[in-house]
Structure formats: C-alpha cells, structure tokens
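Structure record follows, encoded as structure tokens.
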Amino acid sequence: MLIKNRPAWALPESQATPESIFLNRRALMAGGAGLIAGAALPGTASAQGADPTLDLYPAKRNETYTLDRPVTPEADAASYNNFYEFGTSKDIVAASKRLVTRPWTVAIDGMVEKPFEIAFDELVRKLPLEERLYRFRCVEAWSMAVPWTGIPLKAFVDFAKPLSGAKYIRFETFLNPRMAPGQSARWYPWPYTEGLSMAEAANELPLLVTGIYGKPIPTQHGAPLRLVVPWKYGFKSVKSITKISFVSERPKTFWEGLQAAEYGFWANVNPEVSHPRWSQASEQILGTRDRKPTLLYNGYGEQVAGLYKGMTGEKLFM
Ligand SMILES: Nc1nc2c(c(=O)[nH]1)N[C@H]1C(S)=C(S)[C@@H](COP(=O)(O)O)O[C@H]1N2
Ligand SMILES: [Mo]
C-alpha cells in the first residue's frame, strides 16, 4: 500500500481496502510509482491569485438536510482525499496544488437544444448556490460528513435544456498530464468520467459543488466544480469537471472501465452487498476512532429509493 503518514485513526493495513490495491501492484511492476508521486510546483497557488468567487461564501444553508453525526473537522476532510490524477495515496494535497483552476471553462454538449461553453465564474453566478450538510461514503469503507456548497444539479439540468431523447448525463474531468502527473499512468482510462440517469439527475439531492466549509472548494476536493451524489459510493462524485454531456446510452465510467466486476454504474450504498474484497456493513468515521453501521442508500432512501422501483436485473448496489 502506498499510504504514507497514516494518521492514528486510519485503518490498520490489514483492514484497509483501497480501490486501487491491484493497480498499485501493477503500477509498481511497471515502475510507474515515482511518476505519480508528483510534488507541488513552488508558487503555483499564489500565481492563481485571489479566488474571484470569494464574495459568494458562505452561502445560505438549506436546513432540510440534517446529519445524524458531527461534522467532520475540516482539517481531516481536507487531508485524506482520493484524486488519482495527483497520485494513488490519500496524501495528495500538495500535488493537487498544480491544478490550475482559472480560467476554467465547462462545455455542455450532446443532446441539448444548443451545445455551449461557459466560464465557471459565469456559471456560478447564474444559478442558485446553497449549503447542505451531507454524509459521504467512500467504497473503501471510510466516511465523512461535510458542509458542501453547490448548485442543485436539477437546476443545472433545466439551464442546459436537454432534449427528450437524453437518458443519461455524463461528467468528464480535465485531461492534462503535465498538470496532473497521475494521468501519465497509461493503464487508467483517463479522463475520469462518471454518469447518472436523467431520473437521478432530476432528483433533489445531487449537487454541483463549488465550495466546502463555507469557502470555495480547494484543489484536493476537486476545484472549481465537482459532483456530489450522497447516496452513492464516493467514486461517483467526480471532481474538477470540464465537460457535461447529455447522451442516449449509459456511459462507461472510469472505475467500470478499470474493474467492472467491482465498480458498477449504479453504485448505490448498501451495507448488505459486500464489495468482492471486503464488507460494506460499517464505516470508519474520518477523524475519529469510531465505526458506524452503514445505512442503505447512505441514509437517503426516503429521497431516492423510488428511483429504482421495478429495476430488476440491474446491479444497483455495486
Ligand atoms: N476526477 C476524479 N474524481 C474523483 C476521484 C478521482 O480520483 N478523480 N476519486 C473519487 C473517490 S473514490 C472519492 S471517495 C471522492 C473523494 O472526494 P474527497 O477527496 O473530496 O473526499 O472523489 C471521487 N472523485
Ligand atoms: Mo472512493
């Protein structure tokens, strides 16, 4: 395992269940490990200047969404990340500072009335921003609870004006191996992509996130724009989005492309459906020594269970 500086509350090696375990071995065999341990370029962060959206934070909190546990301390959430573009360990904060987030353009294409591109700084002022407290559950069996700020995905979909033939929405991360050394590892299907059905995208819960802890989102969490889908395993919550496409066919996602038997399209949280290599019954609460039982749909069944009525024959939980 490549986890360095493992904090006291992290899992013992024997219990840890990284998404990447078989890939780490391949990376080592291919001599690629050094490549993805990129260091920050001195001065990059300051060269980007002050964030032009600072005045939008903190956004008004939507009190509908409450937690059954304390909010994770910011320092813990901000220092234990998955962002394979910057390395396969959890310790990618420094490397992620290479991400240049301005200018940042998002392309909207596929089955829409009219494809268009929009600057992130314009998009973030066009649609309503709000703060929500959500639980977040990684497939590796750790979890956190954080205040995200974002645009309800539903509002973005209305703004994009999809055609009736659109059945899925597909999200794509930037592709720039010079900025993101992990993207030089050719055994991954870069760029990172994810997708939802249109019915899921129209649900109230998914957020196009622009901020966390009442501030613009930092690079390690997927600046400047990422998805958050709180009832699905964390890998669905794609970071640093540059393209959003409306499509008629179910898109093949990054993790599906790597290992379809372990990471499917639906990936809804379910404590009773084990990952082929570990149990999903409970979760390690980030920043603590506690484990908690994992909840069906990560506790959001009331809002989302209806989406899957009658979908027999689909692998809804992996
Ligand atoms: N582009 C991109 N998005 C990504 C990932 C990634 O490696 N690259 N990792 C995913 C996984 S596995 C998880 S658990 C979450 C972690 O989000 P966080 O680091 O903000 O907690 O981001 C998801 N989004
Ligand atoms: Mo994850």
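Things worth noting here:
- The listed residues are ALA155, ALA223, ALA199, ALA180, and the only one of them that is more than 14 Å from the chain's Cα centre (by Cα) and within 14 Å of ligand 1 (Cβ to nearest atom) turns out to be ALA180.
- Of the helices (runs of 4 or more DSSP H) lying entirely inside region 64-175, the ones with 1 or more residues being touching a strand residue (DSSP E or B) at 6+ places or on another chain (Cβ under 9 Å) and surrounded by 20 or more Cβ atoms within 10 Å (Cβ to Cβ) are found at 74-77, 120-126, 153-160.
- Candidate set: region 290-318, residues that are hydroxyl-bearing (Ser, Thr, Tyr) and over 19 Å from LEU196 (Cβ atoms); chosen: the one surrounded by the fewest Cβ atoms within 10 Å (Cβ to Cβ): THR312
- Residues of region 297-314 that are part of a helix (DSSP H, G or I), at negative phi and of a type in the set (Phe, Trp, Tyr): TYR308 alone.
- Condition broken by GLN220, with the remaining ones in (1) of a type outside the set (Phe, Trp, Tyr); (2) more than 30 Å from PRO115 (Cα to Cα); (3) touching a residue at least 40 places away in the same chain (Cβ under 8 Å) satisfied: (2)
- Residue among TYR57, TYR80 that alone is more than 16 Å from ligand 1 (Cβ to nearest atom) and in contact (Cβ under 8 Å) with a residue 24 or more places away in the chain: TYR57
- Residues within region 253-284 that are free of Cβ contacts under 8 Å to residues at least 60 places away in the same chain and under 17 Å from the mean Cα position of the chain (by Cα), tallied: 4
- Count of region 272-289 residues which are touching a helix residue (DSSP H, G or I) at 6+ places or on another chain (Cβ under 9 Å), of a type in the set (A, V, I, L, M, F, W, C) and surrounded by fewer than 17 Cβ atoms within 10 Å (Cβ to Cβ): 0
- The C-beta contact set for region 179-207 (first residue buried (at least 23 other Cβ atoms within 10 Å of the Cβ), second residue modelled with pLDDT under 95, distance under 7 angstrom, 6+ apart or interchain) comprises GLY182/ILE36.
- Given (1) on the phi > 0 side of the Ramachandran plot; (2) in contact with a strand residue (DSSP E or B) (Cβ under 7 Å, 6 or more places away or on another chain), number of the condition ILE212 does not satisfy: (1)
- Meets criteria (within 23 Å of TYR192 (Cβ to Cβ) and either of a type in the set (Lys, Arg) or in contact with a helix residue (DSSP H, G or I) (Cβ under 7 Å, 6 or more places away or on another chain) (or both)) for ARG250: yes
Residues are listed down the side, and each one gets a yes or a no for (1) buried (at least 21 other Cβ atoms within 10 Å of the Cβ); (2) within 12 Å of ligand 2 (Cβ to nearest atom):
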site	(1), (2)
GLY211	yes, no
LYS215	no, no
ARG226	yes, no
PRO230	yes, no
LYS236	yes, yes
PHE246	yes, no
GLU249	no, no
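Residue-wise test of (1) acidic (Asp, Glu); (2) in a strand (DSSP E or B); (3) touching a His at 6+ places or on another chain (Cβ under 8 Å).
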position	(1), (2), (3)
TRP190	no, no, no
GLU204	yes, no, no
GLN220	no, no, no
PHE235	no, no, no
LYS243	no, yes, no
PHE246	no, yes, no
GLU249	yes, no, no
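The values are calculated or read from the model by the stated rules, or taken from the named source; none is laboratory data. What you are looking at is a predicted structure, and each value in this text was computed from that prediction instead of being measured. Counting neighbours? That spans all protein chains shown, and the Cβs are built from the backbone with ideal geometry, glycine included.
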